[in-house]
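The values are calculated or read from the model by the stated rules, or taken from the named source; none is laboratory data. Since the model is a prediction, treat every value here as computed from it, not as a measurement. With ligands, DNA and RNA removed, areas are computed over all heavy atoms of the protein, side chains included. Shrake-Rupley method; radii C 1.70, N 1.55, O 1.52, S 1.80 Å.
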Amino acid sequence: MLKLGVNIDHTATLREARYRGRTDGEPVPVEAAHICEAAGAHGITAHLREDRRHIQDRDVWKLRETIATRLNLEMANVPEIVSLAIKLRPDIVCLVPERREEVTTEGGLDVAAHEAALTETRKRMNDANIEVSLFIAPEARQIAAAARTGAQFVELHTGQFAEHFHDPSRQTTELRRLVDGARQAHALGLQVNAGHGLNYQNLAALHQVPHLVELNIGHSIISRAVLVGLSTAVKEMLALMQNYPG
Ligand code: PXP
């Protein structure tokens with residue numbers, strides 16, 4: 001069964017738009033997490049950015065204390081956040097590149113260029129019983145490097161696929177890259193997640209990509225939630241993920 005991890009960052013984005021610098025305010029991300037879980041989500045994802053633009057430290061601690069499913073902490077491989085993650089003990093961390101000027105995570109990690117540092121962090125996380133995923137573009141060189149770090153998972157970046165979804169020839173090319181990447185990662189013993197830009201329109205096409213374990217989806221679910229409610233938005237996405245052939 002293909003699992004859904006809901007990225008709740010945007011609930012914090014909305015709160016921070018009004019209540020930045022305060023220690024309370026609505027909406028409360030952890031309440032959103034509980035609604036996602038009750039609607040059938042298999043995990044909750046939150047990105048604690050160095051600039052704390054949306055999710056705050058208190059959010060991840062509250063998530064850790066209260067959610068019943070898996071906590072996936074997205075994070076940059078920087079000392080401050082690595083130390084925090086080791087104290088927090090999420091079930092899994094997804095290491096992502098982070099640039100202050102970006103609106104959202106734009107590219108994948110250059111694992112090939114940072115293999116030693118990522119391997120070191122991978123070991124520290126695993127020693128603390130935290131699984132490790134690396135967010136990478138579906139490129140053979142990056143997938144091979146990810147396997148060498150000893151990571152348990154890769155999360156294939158679906159941003160290009162999503163971006164070019166309405167151009168049939170580019171969609172075919174990008175899907176092919178994801179199919180090849182998933183096959184390579186699986187053959188190397190990596191478990192395969194995917195995410196970024198996935199939505200209610202492009203989800204069906206992703207069923208062509210084999211070996212997927214979990215999708216991490218944020219923007220489209222939270223956007224739909226504004227119109228139909230979070231529980232319905234999660235259930236609608238889960239319905240589209242049903243019958244994934246594996
Ligand atoms: N996966 C990763 C690694 C991400 O950085 C993000 C965005 O925070 C997502 C998934 C979710 O992307 P989206 O909000 O476009 O669904």
Seminar exercise, completed: Sequence order, region 110-124: Karplus ³J(HN,Hα) from phi using 6.51 cos²θ - 1.76 cosθ + 1.60, θ = phi - 60°, Hz rounded, Gly and Pro as x, gives 8, 5, 4, 7, 10, 4, 5, 5, 5, 5, 4, 5, 4, 5, 4
Exercise. What pairs in K62/K87; K87/K123; K3/K87 have C-alpha atoms more than 22 Å from each other?
Worked result: K3/K87
For this session: Please turn the phi angles of region 54-71 into ³J(HN,Hα) values with the Karplus equation 6.51 cos²θ - 1.76 cosθ + 1.60 (θ = phi - 60°), one per residue in order, whole Hz, x for glycine and proline.
Result: 10, 5, 9, 4, 4, 5, 5, 5, 5, 4, 4, 6, 10, 7, 9, 9, 8, 9
Exercise. Long-range amide H contacts for I92: which residues qualify at under 5 Å (H placed 1.01 Å from N, peptide plane, sequence gap of 5 or more or a different chain)?
Worked result: L71, L73, E131
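With a probe of 1.4 Å, find how much accessible area the chain has per residue, and write the answer as a whole number in Å². Working shown, then result.
Numbers: 11090 Å² over 246 residues.
Ligands and nucleic acids excluded, the result is 45 Å² per residue.
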Problem set entry | Helix-only mean residue ellipticity at 222 nm for the chain, each DSSP H run of n ≥ 4 adding -39500 (n - 2.57), per residue, nearest 500 | -13500 deg cm²/dmol
Seminar exercise, completed: At the level of C-alpha centres, the distance separating region 120-178 and region 223-245, in angstrom, is 24
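Using a/c under 1.5 as the rounded threshold, could you call the chain rounded, prolate or oblate? The axes a ≥ b ≥ c are square roots of the C-alpha gyration tensor eigenvalues, and prolate needs a/b larger than b/c, oblate otherwise.
oblate
Roughly to the nearest percent, how much of the accessible area of region 11-129 is carbon and sulfur, given a 1.4 Å probe?
On the way: 2870 of 5720 Å².
Solvent-exposed carbon and sulfur of region 11-129 make up 50 percent of the total.
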For this session: Using DSSP, restrict attention to beta bridges with both residues in region 56-190 and report what percent are antiparallel, rounded to the nearest 5.
Result: 0
Exercise. Hey, what did region 48-199 get for relative contact order, percent, Cα under 8 Å, at least 6 apart?
Worked result: 18
Problem set entry | Separation between Cα centres of region 23-88 and region 182-217, rounded to whole Å | 22
Problem set entry | Vicinal HN-Hα couplings computed from phi for region 132-139 (Karplus, 6.51 cos²θ - 1.76 cosθ + 1.60; Hz; Gly/Pro x) | 10, 10, 10, 8, 9, 5, x, 10
